[in-house]
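Asks: After the structure tokens below, expect a handful of questions from me.
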Amino acid sequence: FRLGDKLDDPMAMYLNDIATIPANLAGIPGLSVPSGLADEDGLPTGFQVLAPAMADDRMYAVGAALEARLTAAWGGPLLDRAPDLAEVTA
């Protein structure tokens with residue numbers, strides 16, 4: 001959701017955090033890699049990589065490979081294509 005949209009709705013904010021909780025509860029490493037921009041609003045989306053406990057090296061290898069492939073496909077960093085923050089909060 002857009003910045004500031006859910007400040008008056010703590011339940012919606014909590015439900016959006018559900019995707020990050022399983023790695024913490026399981027004690028396994030997790031990494032989020034930018035994976036594109038949503039068609040409907042241009043906001044960034046992410047790809048979550050999880051690995052077994054004590055296998056951080058595998059997680060970083062997968063994240064780096066994914067980031068390299070996506071950057072090559074986009075022709076540069078995703079941040080270059082993201083909307084201006086002022087437009088997102090307006």
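Asks: Which of L7, A73, G36 sits closest to the plus end of the dipole of the chain, meaning its Cα is farthest towards the positive end, when Lys and Arg get +1 and Asp and Glu get -1 on the C-beta?
Replies: Farthest towards the positive pole: A73.
Asks: Return the calculated 222 nm mean residue ellipticity for the chain, to the nearest 500 deg cm²/dmol, obtained by summing -39500 (n - 2.57) across DSSP H runs with n ≥ 4 and dividing by the residue count.
Replies: Numbers: 4 runs with 38 residues, N = 90.
Using -39500 (n - 2.57) per qualifying helix, the result is -12000 deg cm²/dmol.
Asks: Length gain on complete extension for the stretch R58 to K6, per 0.36 nm per residue less the alpha carbon to alpha carbon distance?
Replies: Using 0.36 nm per residue and subtracting the Cα-Cα distance, I get 15.2 nm.
Asks: Also, quick follow-up: Nearest 20 debye, what's the magnitude of the dipole of the chain about its Cα centre given +1 on Lys and Arg Cβ and -1 on Asp and Glu Cβ?
Replies: Values: 5 positive and 13 negative charges, 77 e Å.
In total the dipole reaches around 360 debye.
Asks: Let me ask something else about it. Multiply the residue gap between E40 and D80 by 0.36 nm, knock off their C-alpha separation, and tell me the result in nm, one decimal place. Walk me through the numbers on the way to the answer.
Replies: Values: separation 40, 0.36 × 40 = 14.40 nm, distance 1.83 nm.
This chain segment gains 12.6 nm when fully extended.
Asks: As a test of understanding, state the convex hull volume per residue of segment 24-88 from its alpha carbons, in Å³.
Replies: On the way: hull volume 6.3 nm³, N = 65.
In segment 24-88, the Cα hull volume divided by residue count equals 98 Å³.
Asks: Would you work out the relative contact order for the chain, in percent, from Cα pairs under 8 angstrom that are 6 or more residues apart? Before the final figure, lay out the partial values.
Replies: Details: 84 pairs, mean separation 24.2, N = 90.
Relative CO of the chain lands at 27 percent.
None of the figures in this text is laboratory data; all of them are computed from the coordinates on show. Computed from a prediction, not measured in an experiment: that's the story for all the values here. Please note: Cβ atoms are built from the backbone with ideal geometry, for glycine as well, and neighbour counts cover all protein chains shown.
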